[in-house]
Amino acid sequence: MGTHKAISWPFVSANKTKNFDNFTNIFLKSKIQEGLIDLDQTKFSWKNHANFSFTDSLIYVKNGKLVLDANSEIKLINLDEIYKFLITPKNSRKKINKINVNFTYIFDEKTLNINDIKVDGITGINLPNNLNEINLKENSLQNKVYLKKYLNDVIKNYAG
């Protein structure tokens with residue numbers, strides 16, 4: 001048997017992307033090996049409010065569907081602006097530095113499954129079961145409303 005080679009791209013860099021102009025400083029790092037696409041060390045920012053990075057990430061086909069499994073570390077830079085955007089009630093606005101999310105995104109279904117969330121290293125943030133799966137729609141306004149509610153529920157449960 002022959003050896004399998006990995007194909008790596010050091011990074012693709014962009015200041016902004018079309019239709020997602022709130023995401024900036026995008027550094028896409030990828031490696032393809034044995035039919036899997038690894039996006040580890042991919043980074044991007046949301047405005048000047050938060051920095052995202054991927055670890056333990058793979059894109060692959062499972063049961064005929066294209067899937068992304070990944071861990072994302074979100075470093076919160078401008079928490080006041082994030083709380084304003086989310087319209088978070090003042091009594092839930094606790095200091096948060098970092099959120100870690102383990103998720104699965106199914107491209108074909110536009111479904112995001114949240115497997116685990118850690119807020120500043122604290123695991124076991126209690127969420128209602130129906131909030132573990134997020135169905136992203138074609139309507140970006142509907143997605144924004146739904147994600148705001150989801151994030152506010154995470155913050156509320158963390159704040160106690």
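For the pair N63 and F27, a Förster radius of 41 Å applied to the C-beta separation gives a FRET efficiency near 0.85, rounded to the nearest 0.05.
Between R93 and N115, the FRET efficiency from the beta-carbon distance, with R0 = 30 Å, is close to 0.70. A quarter of the convex hull surface defined by the alpha-carbon atoms of the range 62-103 gives 4.2 nm² as the mean projection. Residue exposure proxy: T104, T42, ordered by other Cβ atoms within 10 angstrom of their Cβ from fewest to most, comes out as T104, T42.
No lab work stands behind these numbers, since they all come straight from the coordinates. Everything numeric in this text was worked out from a predicted model, so none of it was measured. Here the Cβ is made from the backbone with ideal geometry for all residues, glycine too, and neighbour counts use every protein chain on show.
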